[in-house]
Amino acid sequence: MENVHVAPVAGPELESGYIRIEGDRIAEVAAGPAPEAPGVPRIDGTGCLATPGLVNTHHHLYQWASQGLAQDATLFEWLVALYEVWAAMDAEVVEGAATAGLSWLALSGCTTTSDHHYIFPKGRGDLLAAEIEAARAVGLRFHPARGSMDRGQSKGGLPPDEVVEELDDILNATAEAVDAYHDPSFSSMVRVAVAPCSPFSASAELMTESAALARAKGVRLHTHLAETLDEDEHCREQFGLRPVDYMHKLGWLGPDVWFAHAVHLSDHDIGKLAATGTGSAHCPSSNGRLGAGIARVSEMLGRGANVGLGVDGNASSELTPLAGEMRQALLFQRARYGPRALTARQALELATLGGARNLGRQDELGSLEPGKLADIALWRVDGPHTAAVTDPVCALVFGPVPPLARVLVGGRTVVSGGELRTVPQDEAGRAGVRAQRRLARLARERGFTAPEQIH
Ligand SMILES: [Zn+2]
């Protein structure tokens with residue numbers, strides 16, 4: 001890749017340089033023209049900006065099939081409405097939704113994504129296998145987090161009992177998922193995390209047993225935390241503690257943990273996350289859509305806590321592109337703290353190295369450095385809407401998402417010329433529509449709430 005402006009995230013930017021790739025890794029990043037290498041394929045990056053591929057650290061791919069519902073609801077109202085639809089899902093819904101969702105991520109510069117899947121209705125096929133297969137087809141690095149809920153309404157939780165599982169079933173299925181799919185190697189395409197859904201849908205026992213399982217298996221831990229004030233109130237009423245203190249009590253703070261959202265944190269909470277190396281996935285579009293509040297990202301970074309970005313499920317972010325979350329993060333922080341709260345380059349770091357740290361892959365991903373994996377996004381910043389901007393990183397973060405000239409995952413082309421090259425792009429879109437229609441039909445047939453009944 002040559003004649004390109006390189007923003008490596010770690011190390012100095014190069015106005016015109018090249019990136020040499022050997023196998024699935026970066027061999028060299030340097031200024032000036034690329035050396036002659038007869039027979040080696042070359043990508044001309046003239047007019048483009050090269051960044052590390054973006055890393056998405058919070059998602060619910062299945063939610064592609066339930067967008068646009070409960071449009072003016074709070075998180076708890078929205079969840080209560082949608083649990084009743086999600087209860088009808090099966091593996092076919094998940095595969096179609098994941099194919100569409102992963103394609104959309106690739107088309108917004110994402111090369112690695114996690115997914116938090118936490119609803120496993122009995123007898124509906126292997127939902128985790130369905131999304132892992134979709135990720136393999138689309139060609140992204142995938143960190144599926146085997147989610148779970150065991151605290152239904154009859155136990156004081158928020159979800160209806162038909163979408164929760166028994167503790168032993170969860171632990172067995174999660175251990176099996178790790179054994180079957182988790183690959184700890186440097187170039188890994190699939191790593192599994194353990195991920196009880198939230199304090200208001202998972203019991204304390206599920207949380208502690210999950211932490212023990214994850215640590216025994218050497219995999220990471222993920223959950224939703226401190227997303228809304230309703231959750232804060234729920235934790236104080238039910239557990240006598242605010243969310244971060246509750247997690248601390250359960251052994252859920254540490255460098256192997258990352259939380260989704262982390263919006264409602266006190267100074268004391270931020271100090272705890274920073275001191276323990278616990279990461280957070282900032283999801284500004286979802287938090288804005290649900291009116292949840294906005295995380296104190298600027299202060300968290302200032303105190304040394306790690307923050308990555310997440311698009312969150314498509315039903316609460318309504319198809320936000322991952323690249324657009326850099327802009328949302330920047331704008332929300334500036335709206336709250338003023339114009340020096342977050343720079344364009346800090347926003348890019350959240351989307352790349354910050355995400356890689358959340359997933360424990362900062363040695364492999366998140367910056368363009370020799371020895372790291374060749375996961376690269378090449379943005380076209382000479383188009384009509386960015387041609388007047390002399391700083392390409394500013395064009396990428398401040399403006400509309402630029403077109404992608406290329407997305408490489410381990411040196412393999414996943415997107416070129418703005419088109420998906422691994423699966424037919426039109427078919428990926430149709431798979432998402434089929435998933436949405438199938439979920440609605442299954443909901444009607446099984447007597448659950450149909451999407452058209454939700455307002
Ligand atoms: Zn979420």
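The values are calculated or read from the model by the stated rules, or taken from the named source; none is laboratory data. Everything numeric in this text was worked out from a predicted model, so none of it was measured. All Cβ positions, even for glycine, are placed from backbone atoms using ideal geometry, and neighbour counts span all protein chains on display. Surface areas here come from the heavy atoms of the whole protein model, side chains and all, with no ligands, DNA or RNA. Shrake-Rupley method; radii C 1.70, N 1.55, O 1.52, S 1.80 Å.
For the reader, a short list of remarks on this structure follows.
- Only listed residue being within 16 Å of the ligand (Cβ to nearest atom) and in a loop (DSSP other than H, G, I, E, B), chosen from ALA10, ALA34, ALA73, ALA88: ALA73
- Subset of the range 91-121 [within 16 Å of the ligand (Cβ to nearest atom) and either without any contact (Cβ under 8 Å) to a residue 40 or more places away in the chain or over 22 Å from ALA260 (Cα atoms) (or both)]: ALA98
- Scanning the range 293-326 for residues that are open to solvent by less than 10 Å² (accessible area, probe 1.4 Å), within 16 Å of the ligand (Cβ to nearest atom) and of a type outside the set (Ser, Thr, Tyr) returns ALA295, VAL307, GLY308, LEU309, GLY310, VAL311, ASP312, GLY313, ASN314, ALA315, LEU322, GLU325.
- Subset of the range 37-70 (residues that are of a type in the set (Ser, Thr, Tyr) and either surrounded by fewer than 21 Cβ atoms within 10 Å (Cβ to Cβ) or within 16 Å of the ligand (Cβ to nearest atom) (or both)): THR46, THR57, TYR62, SER66
- From ARG236, ARG289, ARG242, residue being open to solvent by 30 Å² or more (accessible area, probe 1.4 Å), touching a Ser or Thr at 6+ places or on another chain (Cβ under 8 Å) and more than 16 Å from the ligand (Cβ to nearest atom): ARG242
- Flag for GLU427 being closer than 30 Å to LEU253 by Cβ, open to solvent by less than 70 Å² (accessible area, probe 1.4 Å) and at pLDDT 95 or above: no
- Filter result (of a type in the set (Asp, Glu) and farther than 20 Å from GLY123 by Cβ) within the range 156-184: ASP179, ASP183
- Matching residues, the range 71-96, being closer than 24 Å to ASP161 by Cα, modelled with pLDDT of 95 or more, in contact with a Gly (Cβ under 9 Å, 6 or more places away or on another chain) and open to solvent by less than 30 Å² (accessible area, probe 1.4 Å): ASP90, ALA91, VAL94
- For the criterion of being open to solvent by 70 Å² or more (accessible area, probe 1.4 Å), in contact (Cβ under 8 Å) with a residue 12 or more places away in the chain and not polar (S, T, N, Q), GLU176 fails.
- For the criterion of being in contact (Cβ under 8 Å) with a residue 12 or more places away in the chain and of a type in the set (Asp, Glu), GLU165 passes.
- Close pairs from the range 305-319: first of a type in the set (D, E, K, R), partner assigned to a loop (DSSP other than H, G, I, E, B) and more than 8 Å from the ligand (Cβ to nearest atom), Cβ under 7 Å, at least 6 apart: GLU318/GLN67; GLU318/GLY68
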